[in-house]
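Here you go, one structure.
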Ligand code: ADP
Ligand code: MG
């Protein structure tokens, strides 16, 4: 079986006046199907840069990003966007839901872009909202939902395209402890149920035991994974 996500010697430099900032310094990382990794590290250490590169949103300056065995750095922007749409689910800290749309409708936009028939998409959207515990809120708009519920819609939306890779950046930053734990537990369940390769940036180290292993970033360099006790 191919590995859903692999970064091979991925380096990312941002121009900074006359010099450059090395946000990622020869990073190697693989995430397997059904594996849930925590990514921790100080602010500015390169965590979001790593997710952006893994998501194929930013091409690395050097190195490879393989999604399901395919080297995306060899692709043009359009082909990369296709791989991203078909294989990658992205969950940012802020759900960025559209204010005028219901929970179900938030999930249908991406499927529309994927050219999928609406009827099947509606059914899948309802199923996924059920998975994330929102079966009773299908018709609600963002302002009618709590912060935790909005993040659940965000997670369900990221699952619509049946991604092999799920990238999550500080999903609990805006939530209290109890709701944060529920979100991480949900991501654990989703990873198990859909066999996604899930990489989550988090500052909540107390939830790391819910994940399979933790990797630490420091100055753009990634440490070896430390497995959680079984
Ligand atoms: P983290 O998510 O761990 O806080 P980031 O990946 O956001 O770290 O940032 C890593 C480094 O790259 C930092 O030095 C940051 O200032 C720099 N950086 C991030 N994004 C950009 C950008 N768009 N342009 C220039 N420098 C950036
Ligand atoms: Mg960040």
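What follows draws every value from the coordinates through simple rules; no lab data is involved. Here the structure is a predicted model, which is why all the values come from computation and not from measurement. So basically every Cβ, Gly included, is an ideal-geometry build from the backbone, and we count neighbours across all protein chains shown.
Could you give the length gained on full extension between residue 138 and residue 1, defined as 0.36 nm per residue of separation minus the Cα-Cα distance, in nm?
That works out to 45.7 nm of additional length.
For the chain, take the longest principal axis of its alpha carbons; what is the angle in degrees between that and the long axis of helix 118-131, to the nearest 10 within 0 to 90?
Taking Cα atoms only, the helix is inclined about 80 degrees.
Could you check the simple spin-label distance between residue 96 and residue 162, using points 7 Å along Cα→Cβ, in nm with one decimal?
Placing both labels 7 Å along Cα→Cβ, they lie 2.5 nm apart.
Using the Cα atoms of the chain, I'd like the radius of gyration and the largest Cα-Cα distance, Dmax, both in angstrom.
Spelled out, the Cα radius of gyration and Dmax of the chain are 17.4, 55 Å.
Let me ask something else about it. Taking springs between alpha-carbon atoms closer than 10 angstrom, which of 76, 44, 89 fluctuates most in the Gaussian network model of the chain?
76
What FRET efficiency comes out for the pair residue 61/residue 206, r = Cβ-Cβ distance, R0 = 25 Å, nearest 0.05?
On the way: r = 35 Å, r/R0 = 1.39.
Between residue 61 and residue 206 the formula returns 0.10.
Now for a separate question. Would you compute, from DSSP H runs of 4+ residues alone, the mean residue ellipticity of the chain at 222 nm, taking -39500 (n - 2.57) per run and dividing by the full residue count, rounded to the nearest 500?
Values: 6 runs with 75 residues, N = 230.
Calculated from helices alone, the mean residue ellipticity at 222 nm is -10000 deg cm²/dmol.
Roughly how tilted is helix 147-159, in degrees to the nearest 10 and between 0 and 90, from the longest Cα axis of the chain?
Taking the Cα atoms of the chain, the angle to 147-159 is about 70 degrees.
Moving on to the next point. Order of 180-187, 53-60 by packing, highest average Cβ count within 10 Å first?
Peptide ranking by packing, descending: 53-60, 180-187.
How far is the Cα center of the range 120-198 from the Cα center of the range 27-42, in Å?
That distance is 20 Å.
Highest GNM mean-square fluctuation, the chain, Cα pairs closer than 10 Å: which of 117, 163, 95?
Answer for the Gaussian network model of the chain: 117.
Another question about this same structure. When a/c reaches 1.5 or more, the comparison of a/b and b/c decides; with that in mind, is the range 1-103 rounded, prolate or oblate per its Cα gyration tensor?
It is rounded, given that a/c, with a ≥ b ≥ c, falls under 1.5.
Which percentage, to the nearest 5, of the DSSP beta bridges contained in the chain is antiparallel?
55
Compute the distance in nm between two label points, each set 7 Å from the Cα along the Cα-to-Cβ direction, one at residue 226 and one at residue 20.
3.1
With a/c under 1.5 counting as rounded, go ahead and sort the range 179-230 into rounded, prolate or oblate using the C-alpha gyration tensor (a ≥ b ≥ c being the square roots of the eigenvalues; past the cut-off, prolate if a/b is larger than b/c, else oblate). Walk me through the numbers on the way to the answer.
Numbers: a/c = 1.84, a/b = 1.55, b/c = 1.19.
It comes out prolate by the Cα gyration axes.
Output the 0 to 90 degree angle, nearest 10, between the alpha-carbon long axis of helix 103-113 and the longest principal axis computed from the alpha carbons of the chain.
Helix 103-113 sits at roughly 60 degrees to that axis.
Please identify, among 195, 38, 146, the residue showing maximal mean-square fluctuation in a Gaussian network model of the chain using a 10 angstrom Cα cutoff.
146
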